[in-house]
Amino acid sequence: MAFYFISIVLLGFIAVYALMAVWAERKISAWIQDRVGPVVTGKYGLLQTFADIFKMLQKEDITPTLADKKLFLAAPILVFTAVFMGFATIPFSPTYISSSINIGIFYLLAIVSIEVLGILMAGWASNNKYALLGSIRSIAQIISYEIPAALAILAVIMLFQTLNLQEICMQQGILSKQKIYFFGFWEVSKIGGVFAWTIFQAPHLFIAFIIYFIASLAECNRTPFDIPEAESELVAGFHVEYTGFKFGALFLAEYAMMFLVSMIAAVLFFGGWNTPLPNLASFALADYTTGTYWGIVWILLKALSLVLLQVWIRWTFPRYRMDQLMTLCWKVLIPLSFVLVLFSGIWKLFILN
Amino acid sequence: MRKKKNTYLLIKGLFKGLAITLKHFLKPKNRVDKGIQSEDYFSQRTGSSTLRYPADQIPVPEVGRYQLDIEMDDCIVCDLCAKICPVDCIDIEAIKATEDIGKTSDGTTKRLHAAKFSIDMGKCMFCGLCTVVCPTECLVMTSEYDRSFTNPQELNYVFAEMPEAEAAQKRELAAVAEQAKKEAKAAALANSAINKEGQI
Ligand code: SF4
Ligand code: SF4
């Protein structure tokens, strides 16, 4: 029973989050460009995206005559279900995780790859050259960027020796059963807080985070890696033929995907549901602020800040060219992440022992 | 060595870009709405670049080429505008009047009824040719530009439409008059032929 309840709450949360994220993105982009953004619908234009989604649901659902009808319908469903399934192994608090499987992060990597299948289906089924070009680009990009992302994640899980996301979270705070060292020299198992987070457990893990973050931008098709959508060249890329509800589902999936990769980053690098407040002498702040509800608050705050960072980056940087994109991935990020994996091994063997 | 420097410059550039966008994001001064009416709207360095249409509109020139409008009382139904229109969006049906039906404001006599006069603004390409050829200058372009409709039929502006019964009656009268004229002409011709014969 609780299982159904939580999954429905999660679905509702993601839908509301996606609408608010679209609103926030429009507002942030407006402010960055000295515009005012949505102001008319509701206070501060807050209801704008709700109005947009209602308009979208009322629209005629057009399937192109020459489209592959079955694939055309299946693609948005596949993309959205894949992203939604990803939330199953994310721990929301010390006591709550939908499915505490011991291949958690591996499962998530697989989920992220399924999305690319949906994008290919959408592009192919539309029978439109722009859509097809967009999806081909998307595949080249996502498959390439999965490698540095996976290697950066590998550098982290080599230290924790587990694939279970709940255990990875445990090992970054005061609930840890192992000893935690701040940069390898200061034991912080009882102090916790921000000092116990992954990025402060070894000096190279911050670089691992940056690599993962860049790769995750590419996996969500966000600027500067939005060449699959590239409005100025491909109209809208793989979803150019979609209308109405199906377009809404693809749109929702894109924002849910942003949230999912930010959740993964928060869990792997920023302590997941762990509090940023440390236990200092007699102020046991970390003890106070660790718990089921606090955990949900912290992890959402962390993930949403990362989403904000993605939006900020989108409205700052221009788009990469295809060859630059591949150069960055294969010649810079992959060698660097291999070095990080090596460094993780050395750190685990010689410093932590 | 050069490569190292380039990488450094690249990273520096990235952060500089982020700093610039952050600066704009955090400055509410940039979002103050000055409005088009303020004197220095086009020279200002700060302030919002949003124009809150329709509450705030850029003034358009009075001679702008936007919507077509016609003063039907001044139209002599000469059909020149329909003939020159490159996209054939003006539809005119003229019926000859049996006598003069009035004068336009510039003194031209009107001899034709407009049974139908419509301009399809959905087809119009705003070339303005029709307004140039109009002999009585009754067809003009106004400065109104923001017209939109939910039904495409409404884009066809109907300026004159005679009820079918009335049009039929007028047509009949015109036909009768035409017939009478023809007969008169034939009679005159026959007369002149006889005269000519007499001369020979
Ligand atoms: S403006 Fe040009 S296209 Fe439009 S009705 Fe007049 S002649 Fe035709
Ligand atoms: S050219 Fe002018 S007067 Fe002649 S039919 Fe057109 S609008 Fe009327």
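The values are calculated or read from the model by the stated rules, or taken from the named source; none is laboratory data. Keep in mind the model is a prediction, meaning the values are calculated, not measured. Using ideal geometry, Cβ is built from the backbone for each residue, glycine included, and neighbour counts are taken over all protein chains shown. Ligands, DNA and RNA are excluded from the accessible area calculation, which covers all protein heavy atoms including side chains. Shrake-Rupley method; radii C 1.70, N 1.55, O 1.52, S 1.80 Å.
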Point to revise | Computed FRET value (nearest 0.05) for A:Lys179 with A:Ile77, which takes r as the C-beta separation and R₀ as 56 Å | key: 0.75
Review point. Using alpha carbon coordinates only, what is the Rg to Rh ratio of the range A:1-58, with Rh defined as the Kirkwood radius?
Key: 1.13
Study note, to complete from the structure: Checking B:Glu166, B:Glu62, B:Glu183 against a Gaussian network model of chain B (alpha-carbon springs below 10 Å), the top fluctuating residue turns out to be B:Glu183
Check your understanding: Tell me, how many Å apart are the Cα centres for the range A:12-26 and for the range B:98-119?
Key -> 62 Å
Exercise for review: May I ask you to work out the translational diffusion coefficient for the protein assembly as shown at 20 °C, viscosity 1.002 mPa s, via Stokes-Einstein with Rh from the Kirkwood sum over Cα pairs, reported in whole µm²/s?
Suggested key: 73 µm²/s
**Study point:** the range A:40-85 and the range A:273-348: distance between their alpha carbon centers, rounded to Å
**Key:** 30 Å
Check your understanding: If you keep only loop residues by DSSP, which chymotrypsin sites (Phe, Trp or Tyr not before Pro) in the range A:132-204 have at most 15 other Cβ atoms within 10 Å of their Cβ?
Key -> A:Phe183, A:Phe185
Review point. Tell me, how many Å apart are the Cα centres for the range A:123-154 and for the range B:121-148?
Key: 51 Å
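Just by accessible area at a 1.4 angstrom probe, what is the order of B:Glu137, B:Glu178 from largest to smallest? Don't skip to the answer; put the middle values down first.
Values: B:Glu137 145, B:Glu178 85 Å².
Most to least solvent-accessible, the answer reads B:Glu137, B:Glu178.
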Exercise for review: Please calculate the 1.4 Å probe accessible area of B:Lys83, with all protein chains present, and give it to the nearest 10 Å².
Suggested key: 140 Å²
Exercise for review: Divide the volume of the convex hull of the Cα atoms of the range A:177-224 by its number of residues and quote the answer in cubic angstrom per residue.
Suggested key: 87 Å³
Review point. Counting only protein heavy atoms, what percent of the accessible surface of the range A:233-353 is carbon or sulfur at a 1.4 Å probe?
Key: 76 percent
Practice item. Could you pull out every one of the lysines with an alpha carbon less than 19 Å from that of B:Lys196, ignoring same-chain neighbours closer than 8 positions? Key: B:Lys185
Practice item. Please give the per residue volume of the convex hull enclosing the alpha carbon atoms of chain B, rounded to a whole number of Å³. Key: 273 Å³
Review point. In a GNM of chain B with a 10 Å cut-off on Cα contacts, which of B:Leu26, B:Leu173, B:Leu14 has the highest mean-square fluctuation?
Key: B:Leu14
Review point. Of the listed peptides A:124-133, B:115-124, A:165-174, A:51-60, what is their order by residue-averaged count of other C-beta atoms within 10 Å, with the highest listed first?
Key: A:165-174, A:124-133, B:115-124, A:51-60
Exercise for review: Mind checking which lysines have their Cα closer than 22 Å to the Cα of A:Lys55? Skip sequence neighbours fewer than 8 apart in that chain.
Suggested key: A:Lys27, A:Lys43, A:Lys246
Point to revise | Solvent-accessible heavy-atom area per residue, rounded to whole Å², over the protein assembly as shown at 1.4 Å | key: 54 Å²
Practice item. Specify which residue in the list A:Val188, B:Asn195, B:Gly64 is farthest towards the positive end of the charge dipole of the protein assembly as shown, using unit charges on the beta carbon of Lys, Arg (+1) and Asp, Glu (-1), about the Cα centre. Key: A:Val188
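When the helix-only estimate is applied to chain A (DSSP H runs of n ≥ 4, each -39,500 (n - 2.57), divided by the residue count), what is the mean residue ellipticity at 222 nm, nearest 500 deg cm²/dmol?
Helices in chain A give a 222 nm mean residue ellipticity of -20000 deg cm²/dmol.
What per residue convex hull volume, in Å³, comes out for the range A:138-259 when only alpha-carbon positions are used?
122 Å³
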Exercise for review: About the Cα centre of the protein assembly as shown, how large is the charge dipole given +1 on each Lys and Arg Cβ and -1 on each Asp and Glu Cβ? Please answer in debye to the nearest 20.
Suggested key: 2960 debye
